[in-house]
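The values are calculated or read from the model by the stated rules, or taken from the named source; none is laboratory data. Since we're looking at a predicted model, the values are computed, not measured. No Cβ is skipped: glycine too gets one built from the backbone with ideal geometry, and neighbour counts run over all protein chains shown.
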Amino acid sequence: MENSAVDAPHPKKEGSAVNPYTMACEQFDCAARYMPELKRGLIEDLKHPRRIVRVEFPLETDNGSVTTVTGYRVLHNRARGPGKGGIRFHPRTDEDEVRALAMWMTWKCAVLDLPFGGAKGGVTCDPKQLTEGELRRITRRYILELGDNIGPYTDVPAPDVNSDAKTMAWVFDTYDMMHPGDSNLAVVTGKPVDIGGSLGRLGATARGCLMVTRRLIEKGLLPGARSLEGLSVAIQGFGKVGREAAQLFADAGARIIAVSDSESAIYARGGLDIGAVASHKRQTGKVAGLADTMTLTNDELLGLECDILMPAALQGQITAQNATQIKARMVVEAANGPITPAADRILAQRGIPVVPDILANAGGVTVSYFEWVQNIEHDNWSEDLVDRRLAERMHSATDAVVARRAEINANLKSLSQAPCKVPGLESESKDGLPPADLRIAAYVLAIHRVATVTMERGIWP
Ligand code: GLU
């Protein structure tokens with residue numbers, strides 16, 4: 001599973017600050033205010049997904065009953081290349097969530113300068129309540145229903161919350177059955193290594209997170225720190241990303257003081273033994289109860305005093321309600337959309353820097369891109385080569401975001417004087433723009449890349 005599923009409050013009312021699609025649009029609008037050169041109508045257009053597919057199909061459960069399952073695939077943008085993005089299985093997944101996640105993929109691929117657009121898939125179901133056979137039948141039927149809306153040069157799925165290499169093997173096999181005689185490996189990434197998966201894909205999101213965080217700390221993001229050595233880290237989530245990040249940050253000399261799963265968190269001021277947490281979780285199904293640790297709630301974990309807080313679970317975790325309680329010195333978004341825009345503003349006012357998801361967790365899709373290239377070229381790269389290329393991409397994206405932030409802030413006065421073209425935000429701009437943070441800089445970089453290609457290609461017809 002790409003992320004752990006933390007069962008946190010996740011209201012979905014349209015217009016509410018934690019509706020993921022509203023969040024994604026707000027983040028976009030906020031960045032667009034720093035881009036007066038954008039054509040007025042283009043600003044609105046870039047938010048719209050190009051295609052939303054909704055499928056409904058029957059599942060025959062193991063006990064013989066029949067139930068209807070709903071799935072989505074949203075292609076947000078393909079100006080820079082085929083759609084790219086995972087497939088998640090979650091009981092609360094809906095169209096707005098998938099729309100938001102697809103839009104975030106567009107910006108993520110653009111920040112990393114990958115030749116992909118953005119897409120996402122979701123199936124509304126609870127994998128905890130399903131047998132493996134039921135999940136396999138859901139996956140196969142979902143892929144069948146999507147038909148040619150996915151394809152190696154159309155839209156390329158990958159793992160996300162509650163899906164993994166095994167799921168991607170079913171996706172590949174189903175598509176391959178539907179297109180016999182074609183070379184189909186590149187239709188999906190995150191596959192098992194013996195079916196064309198890339199070495200290094202499994203831990204890529206966490207490794208990318210480490211590379212970006214380390215780079216930013218070396219550049220002085222945390223006053224007084226020049227490396228991860230001795231820094232305290234609290235991680236929300238202990239799924240593939242959270243667990244792997246915990247191990248990698250510990251190996252880099254950091255002290256992991258807390259981790260959590262969907263039920264609760266564990267805490268040890270002196271640092272957790274990540275190997276012991278992993279085997280306890282394997283044996284008992286939860287992190288709570290490990291010897292010499294204190295049990296906390298997920299909310300208490302978010303409020304811990306630490307150097308780095310890393311939400312590695314679901315979206316909408318740090319909100320206007322709990323942002324004032326955050327005591328971390330910086331926040332690294334390993335999950336997609338864990339901080340709402342209102343919480344973002346509170347953290348900014350409090351001087352807590354945030355490493356945005358579209359940079360921090362982009363290691364996964366970057367190695368997905370490497371897998372896609374290897375599949376098309378019928379090649380296998382060594383893990384070492386994958387890792388070196390990942391570091392190159394993550395570092396140059398981090399440097400580009402930091403440089404863009406400096407450039408925006410050097411021109412803040414003239415940007416503030418330019419007329420605001422974002423519908424609804426014209427009056428706010430009169431007070432002048434606040435200095436750009438890393439999220440705004442990453443969005444400006446990404447939107448600029450997508451907008452430039454859109455205009456170069458020309459709007460057809
Ligand atoms: N689901 C991951 C993400 O949100 C990976 C997507 C991919 O590899 O295409 O970035």
Worksheet entry | Which numbered condition E426 misses (of (1) at pLDDT 95 or above; (2) in contact with a Cys (Cβ under 7 Å, 6 or more places away or on another chain); (3) more than 20 Å from A102 (Cβ to Cβ)) | (1)
Worksheet item: Checking G81 against (1) crowded, with 24+ Cβ neighbours inside 10 Å; (2) assigned to a loop (DSSP other than H, G, I, E, B), which single condition isn't satisfied?
Response: (1)
Discussion item. Scan segment 225-232 and tell me whether some residue there is under 23 Å from V53 (Cβ atoms), of a type in the set (D, E, K, R) and away from the ligand (no atom under 15 Å from the Cβ).
Written reply: no
Item to complete: Confirm whether D164 is surrounded by fewer than 24 Cβ atoms within 10 Å (Cβ to Cβ) and within 16 Å of the ligand (Cβ to nearest atom).
Response: yes
Practice prompt. Please tell me if R350 is touching a strand residue (DSSP E or B) at 6+ places or on another chain (Cβ under 8 Å), touching a residue at least 24 places away in the same chain (Cβ under 8 Å) and more than 16 Å from the ligand (Cβ to nearest atom).
Written response: no
Fill in: Subset of segment 92-135 [away from the ligand (no atom under 12 Å from the Cβ), part of a helix (DSSP H, G or I) and of a type outside the set (D, E)]
R99, A110, P127, K128, Q129, G133, L135
Discussion item. For the structure I just gave you, tell me whether S16 is modelled with pLDDT under 95 and surrounded by 23 or more Cβ atoms within 10 Å (Cβ to Cβ).
Written reply: no
Practice prompt. Would you mind finding the one in A360, A334, A313, A328 that is out of contact with any helix residue (DSSP H, G or I) (no Cβ under 6 Å at 6 or more places or on another chain), within 14 Å of the ligand (Cβ to nearest atom) and within 25 Å of A265 (Cα to Cα)?
Written response: A313
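Conditions (1) assigned to a loop (DSSP other than H, G, I, E, B); (2) out of contact with any helix residue (DSSP H, G or I) (no Cβ under 8 Å at 6 or more places or on another chain); (3) more than 24 Å from A119 (Cα to Cα), marked per residue:
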{"residue": "T189", "(1), (2), (3)": "yes, no, no"}
{"residue": "T205", "(1), (2), (3)": "no, no, no"}
{"residue": "L210", "(1), (2), (3)": "no, no, yes"}
{"residue": "R214", "(1), (2), (3)": "no, yes, yes"}
{"residue": "I235", "(1), (2), (3)": "no, no, yes"}
{"residue": "V241", "(1), (2), (3)": "no, no, no"}
Worksheet item: What are the residue pairs meeting all of these: first residue in segment 136-161, first residue in a loop (DSSP other than H, G, I, E, B), second residue among the aromatic types (F, W, Y) and within 14 Å of the ligand (Cβ to nearest atom), Cβ atoms under 9 Å, and 6 or more apart or on different chains?
Response: P152/W372; D160/F89; V161/F89
Discussion item. For segment 289-299, which positions are under 16 Å from A268 (Cβ atoms), surrounded by 17 or more Cβ atoms within 10 Å (Cβ to Cβ) and not β-branched (V, I, T)?
Written reply: L290, L296
Practice prompt. Keeping to segment 26-70, report how many residues are touching a residue at least 40 places away in the same chain (Cβ under 8 Å), of a type outside the set (D, E, K, R) and either assigned to a helix (DSSP H, G or I) or within 30 Å of A343 (Cα to Cα) (or both).
Written response: 14
Discussion item. Just checking, does segment 281-291 include any residue being closer than 21 Å to K108 by Cβ and either without any contact (Cβ under 8 Å) to a residue 60 or more places away in the chain or of a type in the set (A, V, I, L, M, F, W, C) (or both)?
Written reply: no
Worksheet, complete the sentence: Matching residues in segment 162-187 (among the aliphatic types (A, V, I, L, M) and either under 23 Å from T124 (Cα atoms) or not in a helix (DSSP H, G or I) (or both)) number 5
Discussion item. Going by what's in this entry, would L216 be described as away from the ligand (no atom under 16 Å from the Cβ), surrounded by fewer than 23 Cβ atoms within 10 Å (Cβ to Cβ), aliphatic (A, V, I, L, M) and closer than 22 Å to C109 by Cβ?
Written reply: yes
